[in-house]
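Report on the following structure.
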Amino acid sequence: MRKAIALFASARRNGNTGKLIDWIADDLDMPIINLSEKVISPYDYDHKNINDDFISVMNQLLDYEIIIFVTPVYWYGPSAQMKIFIDRTSDFLDVDELKDIGRKLRNKTAYIACTSISDDADNSFLNSLKNTFEYLGMKYGGYVHANCENGYNPTEYKDEVNKFVRSINEAKIV
Ligand SMILES: Cc1cc2nc3c(=O)[nH]c(=O)nc-3n(C[C@H](O)[C@H](O)[C@H](O)COP(=O)(O)O)c2cc1C
């Protein structure tokens with residue numbers, strides 16, 4: 001089982017959130033999945049979208065103990081791409097053949113890496129993700145946030161990012 005992977009979802013690859021995760025991924029020598037490059041359609045009660053990229057992305061994530069959910073704060077929540085991905089985890093709850101995949105998420109550890117133009121990540125944003133992790137049976141490891149109100153200034157986040165990277169490096173995985 002490999003250690004950590006980033007699930008990245010921003011409206012632009014090389015924007016603030018992209019730069020933040022490139023830095024973290026470099027330090028952790030970790031792969032990044034860019035959800036914008038995948039074809040994942042919104043949740044469908046009839047599961048007519050079951051053959052899109054959702055299951056293959058999920059199978060990639062399941063090879064790792066730690067999943068970092070990477071998204072900007074857009075309107076007090078995650079990006080649309082991330083929200084669609086999270087909605088699709090409902091497939092595991094209601095498609096019998098997929099229930100085993102869903103169970104494999106349990107006991108993995110979820111972290112959040114995010115940017116916004118506020119001093120800190122909005123609580124409604126953090127809570128919606130944390131509650132989702134809890135519902136899925138995932139442990140929550142923590143978050144790192146970069147305030148990009150005045151643009152992306154890595155020196156401002158250096159201590160926070162180093163702490164975040166250290167906590168993942170030191171995380172005990174079972
Ligand atoms: C559609 C949209 C909604 C946003 N909503 C918020 C918000 O609710 N709170 C906030 O602090 N910043 C908000 N922002 C600012 C972004 O979070 C910030 O610029 C972020 O660093 C953008 O990351 P990106 O370059 O990866 O898109 C919003 C930006 C956009 C484009």
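Read the figures in this text as sums done on the coordinates, not as results from a lab. As the structure is a prediction and not an experimental result, all values here were calculated from the model.
Points worth noting:
- For the range 2-170, the antiparallel share of DSSP beta bridges with both residues in that region comes to about 5%.
- Anisotropy class of the range 33-128 from Cα gyration tensor, a/c 1.5 cut: prolate
- Per-q log10 I(q)/I(0), the range 2-170, q = 0.09, 0.12, 0.16 Å⁻¹ (Debye; single scatterer per alpha-carbon; no solvent): -0.28, -0.50, -0.90
- Built amide H within the under 5 Å cut-off of residue 115, gap 5+: 71, 73, 146
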